[in-house]
Structure formats: structure tokens, C-alpha cells
Amino acid sequence: MTRFIPALPAGLRRAVLLLALAVASAPAVAAPPSDSDINRLLAASRAQSMLDAALPQIEAMQRQQFQQATAQRQLTPQQQEQLQRIQERTNQTLRQALSWQQLRPMYVDLYKKTFSKEDVLAMAEFYESSAGQSLLDKTPALMQNVMVAIQARMQPLIADLQKDLEAIVNEPEKK
């Protein structure tokens, strides 16, 4: 290379060589994944079916919140009917806002911002493998087991909290 830049002084020639080496050895900027790469990953990871499976759980949590909010109240039949309409409208809004048609473009955009093409392809290959499919098959059972274990761990803590709350509520007022 020094033959091609003979007019430069030796110190400058060395600097040019070091700069050329630095540029050549710098890591290449990771290529962004294409939409088709991300679609492959989303299909392999069953993203749509997982979202579809989560919707009934979200609706059940919402029903529970409605029940808790009205548990201590005596509602008239008219109020119960209104509440039912609000709950149905809320479910409809949730289903529309969390539909795959609405969320898929968001998923694609977020995956593009977060992962390189290499990352997306590696994940897609994993989820397409038997190990990846096994993980996807067993994840719902794992999550259920995690929730049961967390609830069991939380029961003594909640019982202690309940005792503390009862002590505060039953404590005579100080004047």
C-alpha cells in the first residue's frame, strides 16, 4: 500500500494506513430485518395465536374488575343493564384495539427497531426447530405453574397484610 501513496511523508503514510486498517476492521453496521424476515419470525413464534389466546384472559380480568367495583353496591336492574352494555362495549373496544390486524404493523416496527436481520433470522430458525416448537407448546403450562407458585408464595404475605388492615380498621379512634 505504501507504494500507492509515495508522495506522503512517512508519518502521514502511517496514519493513512492505520485509518484504513481501522475502517476495514470496524464491525459492519447490522442490517435491519425486512418485513418478510419479521413475518417469518412472527409466524414461527405463533405471535398471532398467542395474542388471540390472551384476549379472553384480558376480558376475564376486566369482568373481575367490574365485579369488584360493583360488589358492595345494590344495583337496580336498569343499572345492571347499563353496566352490561358498558362491559360489552369495553370488550368490543379491547378486541378491536388488540386485534392482530391492528397490532401486526406495530410488532413489525418494534422488531425492526429492536433486532438486526441476523437476530430475527436466528430467532425464526429457533422457533421453527423442534426445540422452539416445544418451548411454544409448553409455555402456557409454564406460565400457569408460575402463577400458581406466585399465588402460593403471596398468600402468607396477603394474610399478614390483612391482619394489619384489620388492626387499623378495628383500632379505636384517637381524639
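The values are calculated or read from the model by the stated rules, or taken from the named source; none is laboratory data. Model, not experiment: these values are computed from the prediction. FYI the Cβ positions are ideal-geometry reconstructions off the backbone, even for glycines, and counts take in every protein chain you see.
Scan the range 104-124 residue by residue and report those that are in contact with a helix residue (DSSP H, G or I) (Cβ under 8 Å, 6 or more places away or on another chain) and of a type outside the set (Gly, Ala, Ser). Let's see the steps before the verdict.
Let us first name the residues in the range 104-124 that are in contact with a helix residue (DSSP H, G or I) (Cβ under 8 Å, 6 or more places away or on another chain), namely 104, 107-108, 111-112, 115, 117, 120-121, 123-124.
Selection gives Arg104, Tyr107, Val108, Tyr111, Lys112, Phe115, Lys117, Val120, Leu121, Met123.
Assessment of the range 25-44 against the conditions (at pLDDT below 95 and assigned to a helix (DSSP H, G or I)) yields at least one matching residue.
Scanning the range 127-144 for residues that are touching a residue at least 24 places away in the same chain (Cβ under 8 Å) and among the hydroxyl-bearing types (Ser, Thr, Tyr) yields a count of 1.
Within the range 77-127, the set of residues being polar (S, T, N, Q) and within 29 Å of Ala30 (Cβ to Cβ) comprises Gln102, Thr114, Ser116. Return yes when Pro77 is of a type outside the set (Val, Ile, Thr) and either loosely packed, with under 10 Cβ neighbours inside 10 Å or touching a His at 6+ places or on another chain (Cβ under 8 Å) (or both) and no when it is not. For Pro77, the condition - of a type outside the set (Val, Ile, Thr) and either loosely packed, with under 10 Cβ neighbours inside 10 Å or touching a His at 6+ places or on another chain (Cβ under 8 Å) (or both) - is met.
For the subset of the range 81-109 comprising residues that are exposed (fewer than 12 other Cβ atoms within 10 Å of the Cβ) and among the hydrophobic types (A, V, I, L, M, F, W, C), which member is modelled with the highest pLDDT? Looking at the filtered set, the residue picked out is Met106.
Looking at this structure, is Ser134 among the polar types (S, T, N, Q), surrounded by fewer than 10 Cβ atoms within 10 Å (Cβ to Cβ) and within 30 Å of Ser36 (Cβ to Cβ)? Walk me through it before giving the result.
Working: among the polar types (S, T, N, Q): yes; surrounded by fewer than 10 Cβ atoms within 10 Å (Cβ to Cβ): no; within 30 Å of Ser36 (Cβ to Cβ): yes.
Considered against the rule, which asks whether it is among the polar types (S, T, N, Q), surrounded by fewer than 10 Cβ atoms within 10 Å (Cβ to Cβ) and within 30 Å of Ser36 (Cβ to Cβ), Ser134 comes out as no.
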